[in-house]
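A.B. asks: Input: one structure, supplied below.
The values are calculated or read from the model by the stated rules, or taken from the named source; none is laboratory data. Remember, it's a predicted structure, so these values are computed and weren't measured experimentally. All Cβ positions, glycine included, derive from the backbone under ideal geometry; neighbour counts span all protein chains shown. For the accessible areas, the whole protein counts, side chains as well, though only heavy atoms, and no ligand, DNA or RNA atoms are used. Shrake-Rupley method; radii C 1.70, N 1.55, O 1.52, S 1.80 Å.
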Amino acid sequence: MSIVTVQPLTGLDRRLSYTFERALPFGTLVKVPLRNRECLGIVVETAPDAPSRLKSVNAVVYDWPVVTPDTLSMAYWMQRYYACSLDSVFETIIPAVVRQEGRFRYEKVLSITKVLTEAELEVLQRRAPRQAEAYQALLGGPLVKSALVHERGIGEGILRALVEKGLFLETERSVDRNPYVDEAANSERVAAHTPLRLMHEQETALDSIFSSLDAGVYRTHLLHGVTGSGKTEIYLRAIHRVLEMGGDVVFLVPEVALTPQTVGRLQSRLELHGLSSVVWHSSLSNGERFDAWHALATGKSSVVVGARSAIFAPLKNIKLVIVDEEHEPAYKQSENPRYHGRDIAVYRAYLNKAVCILGSATPSLESLYNVKHKDYCLNRLTKRVDDRQMPLIHIVDMKMERLKNAALLSRTLASKLFDRFERKEQSILFINRRGYSTSLLCPDCGFVATCPCCSVALTFHRQDDLQKCHICGFSERAPQCCPQCASDKIRWRGFGTQKVEDVVQKMLPKARVVRVDTDSTQKDALRKTLADFRAGKIDILIGTQMIAKGLDFPNVTLVGLVDADISLKMPDFRAAERTFQLIVQVAGRSGRGDKAGEVVIQTCTPYSDPIQFAKRSDFDGFLEQELEQRKEFHYPPFRHLIRHLFRGHNQEKVTFVAEQWVRTLEASLPEKIEIRGPAPAPLEKIKDFYRVHVWYFTPNVSQTLQKILAIRSKFTSDPDVIDVFDVDPVDLS
Ligand code: ADP
Ligand code: ZN
Ligand code: ZN
């Protein structure tokens, strides 16, 4: 008998002890009795039995551990740092299908136990021709039973008879459900096989990473390389090195469906060395998810590539964690636990004495700040591979342009589009707004169509003649006249992807124009569209920011950003940073092949800093200036920001509770922390919930949060008002 200590997967913040007939390894999923109920738990310790009257573990769910010691440490840390419940953390860390006792898929396999002599076979053929047929089918080797039944039409009764006779043996084997094999994926397996000669800067960066790997210590490398500088090649070589050392690798990408090329390149490179990887993404079926987790937990796979939740993969010997496009807001989870995948990645590398590579052409200010203050190692790649030129960036002032023509495409952009089409080169247009027009306005009474549930204007979608809310999905028929004063002079203003598509198609009727945004494209279809684009079957691709990431199309020589002002106008202290990043990233899609690229940025504020700095590709200049402003206002990265959001259906109540809270907090805090608010959130209402937020600025999240939570636990809120904390928020809307 042993005593096992178990961390229950309920909200219980305490470990419990049970007995069991044998010792259980760390991380084993078990069922234990808890207050007359049965619940799941994770084994965290086993000790030899001392006489005790403990209850016994009811059952062991799997004979392999579902979490690793470091992920469990991360769970406790996340609970504290992000101020969320332990059960919400466990729900995030251990996939639902594993907690719900997933099963392997088994298939039945038939094989021959005894080879018949010719005479015996003849007898069988005479007496039972169907049995003989089945026998002969198996002569070449064992076959899956269902294939015999469904493809060869051999009845189950016949097979059973053969098994009963002792001529066939039926066995079971588990089948791996491998989700990422399809044609689109294959076409992404570009020639990763020809070994490249590294550029000088690549070599220097890689040497630096290798020396950290060889030292076997924790180190974060910020790989700041301009678009097309060959960062992926560096990741691949670092991965290879780690696998040779027998280590495991986590490779994070912002979203798997949007980065098929990176995933494809990784897979084909690994295959070259006879290695497999697990691709962890949101559209896995439950079975696939279960198999993937099992493969990682049992060491069948040493590499996982996936979106943020892949950081919790149960790999035991992590030596390298890569976060590609580390500046991407997609790494932050928008519901509880509101963790930041990149920050967890750094922490996990730290726990494992592993190397973390954060890569980007436009690193976040947080990571750049950490180069100085947390000793991140900065590796820069300033040149594109093969000395390809950075694209030439033109800024078009749309205020001037609109005086002369009312079009949404400037003459500069239009003529360049023509030109590319004539030359059979490809173009991409970005417009970070879906739909056709952005708002309905009545010039007679001033009416603006807004969502009944959210405080945003409705967007017109001409395809289905609906006006839709992009926050909650509300939709209704687009009106013919003003709903308020019945005027028929109502106008649609602004434009989105659909209108751009319309305009471009009219301008170039012969061009093959395809639009990709969440209205037009399922995630899987996106991969096909991108493959078509690569194959030259599309001339002009129009899309939202979703296609601005990590794509590499050699024949694209023109990129247009139709409205650079959208991100600039965001009510967010990161608006300038996001705009700068967006311009540099979209520009990076141009001129990646042998031909030089051009970029056209349309804006009404051509002289704003992020646009000017991006035009000159002056990263350091932008950084210096932006940091100065952040410092002045105490914004990140100089302080951590904690957002405390109150919401409820009754606007007065929400405001009242938030005001009461701030008063209580100010009165009872031992020392001053910097508080701003309460103030209505930029999106005042979402899905009928009114929203008010309070901001805290602090150099130390854990300490501040601890104090705030202590006061919060004694504060009587209103049952109709919900409040949540968002630590290091990236979405302030
Ligand atoms: P980034 O991720 O920095 O934007 P990529 O890693 O996608 O850049 O590299 C851009 C292109 O250059 C890819 O097609 C890649 O295969 C190629 N490439 C990378 N390194 C080299 C090299 N040393 N020599 C030649 N081509 C390279
Ligand atoms: Zn009106
Ligand atoms: Zn809405």
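A.B. asks: Examine region 432-451 for a residue that is assigned to a helix (DSSP H, G or I), open to solvent by less than 10 Å² (accessible area, probe 1.4 Å) and in contact with a Cys (Cβ under 6 Å, 6 or more places away or on another chain), and state whether such a residue exists.
C.D. replies: no
A.B. asks: For residues that are surrounded by fewer than 21 Cβ atoms within 10 Å (Cβ to Cβ) and out of contact with any Pro (no Cβ under 6 Å at 6 or more places or on another chain), tally how many sit in region 325-339.
C.D. replies: The total comes to 6.
A.B. asks: If we keep just the residues of region 264-278 that are surrounded by fewer than 23 Cβ atoms within 10 Å (Cβ to Cβ) and aliphatic (A, V, I, L, M), which is nearest to ligand 3 (Cβ to nearest atom)?
C.D. replies: Per the stated criteria, the residue is L270.
A.B. asks: Quick one: which of S85, S73, S56, S52 is in contact with a Gly (Cβ under 6 Å, 6 or more places away or on another chain), surrounded by fewer than 16 Cβ atoms within 10 Å (Cβ to Cβ) and of a type outside the set (D, E, K, R)?
C.D. replies: After ruling out the rest, the residue left standing is S85.
A.B. asks: Of everything in region 61-70, what is more than 16 Å from N352 (Cβ to Cβ) and either hydroxyl-bearing (S, T, Y) or surrounded by 20 or more Cβ atoms within 10 Å (Cβ to Cβ) (or both)? Give them in sequence order.
C.D. replies: Result: Y62, V66.
A.B. asks: Go through (1) surrounded by fewer than 22 Cβ atoms within 10 Å (Cβ to Cβ); (2) touching a residue at least 40 places away in the same chain (Cβ under 8 Å); (3) not hydroxyl-bearing (S, T, Y) one by one and return the number of the condition E422 breaks.
C.D. replies: Among (1) surrounded by fewer than 22 Cβ atoms within 10 Å (Cβ to Cβ); (2) touching a residue at least 40 places away in the same chain (Cβ under 8 Å); (3) not hydroxyl-bearing (S, T, Y), E422 violates only (2).
A.B. asks: Residues in region 465-492 that are among the small types (G, A, S) and within 21 Å of R433 (Cα to Cα): how many?
C.D. replies: Residues meeting the conditions: 3.
A.B. asks: Could you grab the pairs with beta carbons closer than 9 Å, sequence gap of 6+ or different chains, first residue in region 378-399 and on the phi > 0 side of the Ramachandran plot, second one surrounded by 16 or more Cβ atoms within 10 Å (Cβ to Cβ) and not in a strand (DSSP E or B)?
C.D. replies: These pairs meet every condition: D386/M199; D387/M199.
A.B. asks: Further question: Filter region 597-607 down to residues that are open to solvent by 20 Å² or more (accessible area, probe 1.4 Å) and either modelled with pLDDT under 90 or touching a strand residue (DSSP E or B) at 6+ places or on another chain (Cβ under 8 Å) (or both), then give me how many there are.
C.D. replies: The total comes to 3.
A.B. asks: Separate question: Against the definition (aliphatic (A, V, I, L, M), in contact (Cβ under 8 Å) with a residue 24 or more places away in the chain and away from ligand 2 (no atom under 15 Å from the Cβ)), how does I490 come out, yes or no?
C.D. replies: no
A.B. asks: If you don't mind, another one. Which residue is nearest to ligand 3 (Cβ to nearest atom), if the candidates are limited to region 452-469 and must be in a strand (DSSP E or B) and open to solvent by 30 Å² or more (accessible area, probe 1.4 Å)?
C.D. replies: Checking each candidate, the answer is K468.
A.B. asks: While we're on this one: Could you figure out which of (1) in contact (Cβ under 8 Å) with a residue 40 or more places away in the chain; (2) open to solvent by 20 Å² or more (accessible area, probe 1.4 Å); (3) more than 16 Å from ligand 3 (Cβ to nearest atom); (4) not assigned by TED's automatic domain parsing to the domain that holds Q426 isn't true of C472?
C.D. replies: It is condition (3) that C472 fails.
Table: residues versus (1) assigned to a strand (DSSP E or B); (2) modelled with pLDDT under 90; (3) closer than 30 Å to A295 by Cβ.
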site: P25; (1), (2), (3): no, no, yes
site: V32; (1), (2), (3): yes, no, yes
site: G41; (1), (2), (3): yes, no, yes
site: M74; (1), (2), (3): no, no, yes
site: M78; (1), (2), (3): no, no, yes
site: T92; (1), (2), (3): no, no, yes
site: Q131; (1), (2), (3): no, yes, no
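A.B. asks: Test of understanding: among D728, D718, which residue is in contact (Cβ under 8 Å) with a residue 40 or more places away in the chain and either surrounded by 17 or more Cβ atoms within 10 Å (Cβ to Cβ) or touching a Cys at 6+ places or on another chain (Cβ under 9 Å) (or both)?
C.D. replies: Being in contact (Cβ under 8 Å) with a residue 40 or more places away in the chain and either surrounded by 17 or more Cβ atoms within 10 Å (Cβ to Cβ) or touching a Cys at 6+ places or on another chain (Cβ under 9 Å) (or both) holds for just one of D728, D718, which is D728.
A.B. asks: Only one of T544, T529, T557 is open to solvent by less than 40 Å² (accessible area, probe 1.4 Å), polar (S, T, N, Q) and under 22 Å from E326 (Cα atoms); which?
C.D. replies: T544
A.B. asks: On to the next question. When you check A449 against the structure, is it in the same structural domain as R527 (by TED's automatic domain parsing) and either of a type outside the set (K, R) or away from ligand 2 (no atom under 16 Å from the Cβ) (or both), yes or no?
C.D. replies: No.
A.B. asks: Is it fair to say T412 is polar (S, T, N, Q) and within 16 Å of ligand 2 (Cβ to nearest atom)?
C.D. replies: Judged against the criteria, T412 is not a match.
A.B. asks: When the residues of region 546-559 are narrowed to those that are more than 15 Å from ligand 1 (Cβ to nearest atom) and modelled with pLDDT of 90 or more, which ends up nearest to A596 (Cα to Cα)?
C.D. replies: T557
A.B. asks: How many of the residues in region 343-389 are open to solvent by 50 Å² or more (accessible area, probe 1.4 Å), of a type in the set (A, V, I, L, M) and modelled with pLDDT under 95?
C.D. replies: Qualifying residue count, region 343-389: 0.
A.B. asks: Sticking with this structure for a sec: Kindly provide the set of residues from region 486-513 that are open to solvent by 60 Å² or more (accessible area, probe 1.4 Å) and either in a loop (DSSP other than H, G, I, E, B) or within 16 Å of ligand 3 (Cβ to nearest atom) (or both), ordered by number.
C.D. replies: A486, D488, K489, P509, K510, R512
A.B. asks: Kindly provide the set of residues from region 291-313 that are assigned to a loop (DSSP other than H, G, I, E, B) and surrounded by fewer than 24 Cβ atoms within 10 Å (Cβ to Cβ), ordered by number.
C.D. replies: Scanning region 291-313 gives T298, G299, K300, S301, A307.
A.B. asks: Shifting gears a bit: Determine which single condition G216 fails, assuming it passes every other condition in (1) surrounded by fewer than 18 Cβ atoms within 10 Å (Cβ to Cβ); (2) under 30 Å from G597 (Cβ atoms).
C.D. replies: (2)
A.B. asks: Pick from region 560-596 the residues that are small (G, A, S) and buried (at least 24 other Cβ atoms within 10 Å of the Cβ): which of them is modelled with the highest pLDDT?
C.D. replies: The extreme case among them is G560.
A.B. asks: Cβ contacts < 8 Å: first residue closer than 12 Å to D563 by Cα, restricted to region 425-444; second residue part of a strand (DSSP E or B) and within 16 Å of ligand 3 (Cβ to nearest atom), any location; separation 6+ or different chain. Result?
C.D. replies: R433/T459
A.B. asks: Inspect all residues belonging to region 647-657 and state whether any of them is assigned to a strand (DSSP E or B) and either within 16 Å of ligand 2 (Cβ to nearest atom) or of a type outside the set (S, T, Y) (or both).
C.D. replies: Yes - at least one qualifying residue is present in region 647-657.
A.B. asks: I'm trying to understand the selection: among the residues of region 336-353, which are in a loop (DSSP other than H, G, I, E, B) and under 16 Å from H221 (Cα atoms)?
C.D. replies: If the condition is that a residue be in a loop (DSSP other than H, G, I, E, B) and under 16 Å from H221 (Cα atoms), then N352, K353 are the ones that fit.
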